[in-house]
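A.B. asks: Got a structure for you, written out below as structure tokens; questions coming shortly.
The values are calculated or read from the model by the stated rules, or taken from the named source; none is laboratory data. Nothing here was measured: the structure is a model prediction, and the numbers come from that model. Virtual Cβ from ideal backbone geometry, glycine too; neighbours counted across all protein chains shown. With ligands, DNA and RNA removed, areas are computed over all heavy atoms of the protein, side chains included. Shrake-Rupley method; radii C 1.70, N 1.55, O 1.52, S 1.80 Å.
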Amino acid sequence: MTAIKKRRRPVVGAETSEALQREKALFMARNGKRCSHLLVRFEPDEKANHLVITAAFAFDENRVWHQVDAIVSADELHREAGPDRGLITAFGQLDDGISAARIARLFAPLSIAQRLAAGRA
């Protein structure tokens, strides 16, 4: 007797792809002014059955890069109502990560070079 395997749907289908591009454009518009450099990547993980969305960003021309990730399960992407809710939540998590990195930067101790430049050495 041969076991029948249930075939999984791909993590990212046509409807999900369109929603990803739409949410990415909104995310880029929201964060384009806060970040001098911003890159968003999508990495479907077929084995784990989820999608990883990564935002790499820098706040100024010094290009000190930061990265935040959000994971959306395939079940969330294939909901009957569509993938929008899961993607909106994921991009909201990326927004929160960028905000947290900005706040952390404000409270980070100054380096020796920064203290010398500010005359506080």
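A.B. asks: Restricting attention to region 99-121, does a residue exist that is under 30 Å from Glu15 (Cα atoms), in contact (Cβ under 8 Å) with a residue 24 or more places away in the chain and under 15 Å from the mean Cα position of the chain (by Cα)?
C.D. replies: The answer is no; no qualifying residue exists.
A.B. asks: While we're on this one: Between Ala81, Ala48, which is hydrophobic (A, V, I, L, M, F, W, C), surrounded by 12 or more Cβ atoms within 10 Å (Cβ to Cβ) and part of a loop (DSSP other than H, G, I, E, B)? Can you show your working first?
C.D. replies: Details: Ala81 fails: surrounded by 12 or more Cβ atoms within 10 Å (Cβ to Cβ).
Of Ala81, Ala48, the one residue that is hydrophobic (A, V, I, L, M, F, W, C), surrounded by 12 or more Cβ atoms within 10 Å (Cβ to Cβ) and part of a loop (DSSP other than H, G, I, E, B) is Ala48.
A.B. asks: So which of Phe57, Phe42, Phe27 is aromatic (Phe, Trp, Tyr) and more than 20 Å from Glu15 (Cα to Cα)?
C.D. replies: Values: Phe42 fails: more than 20 Å from Glu15 (Cα to Cα); Phe27 fails: more than 20 Å from Glu15 (Cα to Cα).
Residue meeting the stated conditions: Phe57.
A.B. asks: Could I ask something else about it? Can we say Thr54 is β-branched (Val, Ile, Thr), open to solvent by less than 70 Å² (accessible area, probe 1.4 Å) and either out of contact with any Cys (no Cβ under 7 Å at 6 or more places or on another chain) or in a loop (DSSP other than H, G, I, E, B) (or both)?
C.D. replies: Values: β-branched (Val, Ile, Thr): yes; open to solvent by less than 70 Å² (accessible area, probe 1.4 Å): yes; either out of contact with any Cys (no Cβ under 7 Å at 6 or more places or on another chain) or in a loop (DSSP other than H, G, I, E, B) (or both): yes.
It is true that Thr54 is β-branched (Val, Ile, Thr), open to solvent by less than 70 Å² (accessible area, probe 1.4 Å) and either out of contact with any Cys (no Cβ under 7 Å at 6 or more places or on another chain) or in a loop (DSSP other than H, G, I, E, B) (or both).
A.B. asks: Please specify each residue of region 57-78 satisfying the condition of being charged (D, E, K, R) and either modelled with pLDDT under 95 or crowded, with 16+ Cβ neighbours inside 10 Å (or both). Full working, then the answer.
C.D. replies: Going residue by residue through region 57-78, those that are charged (D, E, K, R) are 60-61, 63, 69, 75-76.
Answer for region 57-78, where residues must be charged (D, E, K, R) and either modelled with pLDDT under 95 or crowded, with 16+ Cβ neighbours inside 10 Å (or both): Asp60, Glu61, Arg63, Asp75, Glu76.
A.B. asks: Checking the structure you have, find out if any residue of region 96-105 is open to solvent by less than 90 Å² (accessible area, probe 1.4 Å) and either of a type in the set (S, T, N, Q) or in contact with an Asp or Glu (Cβ under 7 Å, 6 or more places away or on another chain) (or both).
C.D. replies: Of region 96-105, the ones open to solvent by less than 90 Å² (accessible area, probe 1.4 Å) are 97-101, 104.
Subsequent filtering for residues that are either of a type in the set (S, T, N, Q) or in contact with an Asp or Glu (Cβ under 7 Å, 6 or more places away or on another chain) (or both) retains 99.
The answer is yes, given that some residue of region 96-105 is open to solvent by less than 90 Å² (accessible area, probe 1.4 Å) and either of a type in the set (S, T, N, Q) or in contact with an Asp or Glu (Cβ under 7 Å, 6 or more places away or on another chain) (or both).
A.B. asks: I've got another one for you. With (1) within 21 Å of Ser17 (Cβ to Cβ); (2) touching a strand residue (DSSP E or B) at 6+ places or on another chain (Cβ under 9 Å) as the list, and Gly82 as the residue in question, which single condition is left unmet?
C.D. replies: It is condition (2) that Gly82 fails.
A.B. asks: If you don't mind, there's one more thing I want to ask. For Gln93, indicate whether it is in contact with a strand residue (DSSP E or B) (Cβ under 9 Å, 6 or more places away or on another chain), open to solvent by 60 Å² or more (accessible area, probe 1.4 Å) and not in a helix (DSSP H, G or I). If you could, list the steps in order and put the result at the bottom.
C.D. replies: Values: in contact with a strand residue (DSSP E or B) (Cβ under 9 Å, 6 or more places away or on another chain): yes; open to solvent by 60 Å² or more (accessible area, probe 1.4 Å): yes; not in a helix (DSSP H, G or I): no.
It is false that Gln93 is in contact with a strand residue (DSSP E or B) (Cβ under 9 Å, 6 or more places away or on another chain), open to solvent by 60 Å² or more (accessible area, probe 1.4 Å) and not in a helix (DSSP H, G or I).
A.B. asks: Continuing with the same structure: Could we say that Val11 is over 17 Å from Leu94 (Cβ atoms) and either touching an Asp or Glu at 6+ places or on another chain (Cβ under 7 Å) or at pLDDT 95 or above (or both) here? Spell out the reasoning first.
C.D. replies: Numbers: over 17 Å from Leu94 (Cβ atoms): yes; either touching an Asp or Glu at 6+ places or on another chain (Cβ under 7 Å) or at pLDDT 95 or above (or both): yes.
For Val11, the condition - over 17 Å from Leu94 (Cβ atoms) and either touching an Asp or Glu at 6+ places or on another chain (Cβ under 7 Å) or at pLDDT 95 or above (or both) - is met.
A.B. asks: Same structure, new question: Given the condition farther than 30 Å from Ala108 by Cβ, modelled with pLDDT of 85 or more and in a loop (DSSP other than H, G, I, E, B), answer yes or no: does some residue in region 25-39 qualify?
C.D. replies: Filtering region 25-39 down to residues farther than 30 Å from Ala108 by Cβ leaves 25.
Next, only the ones that are modelled with pLDDT of 85 or more stay: 25.
Filter once more, so that each one left must be in a loop (DSSP other than H, G, I, E, B): none.
No, that holds for no residue.
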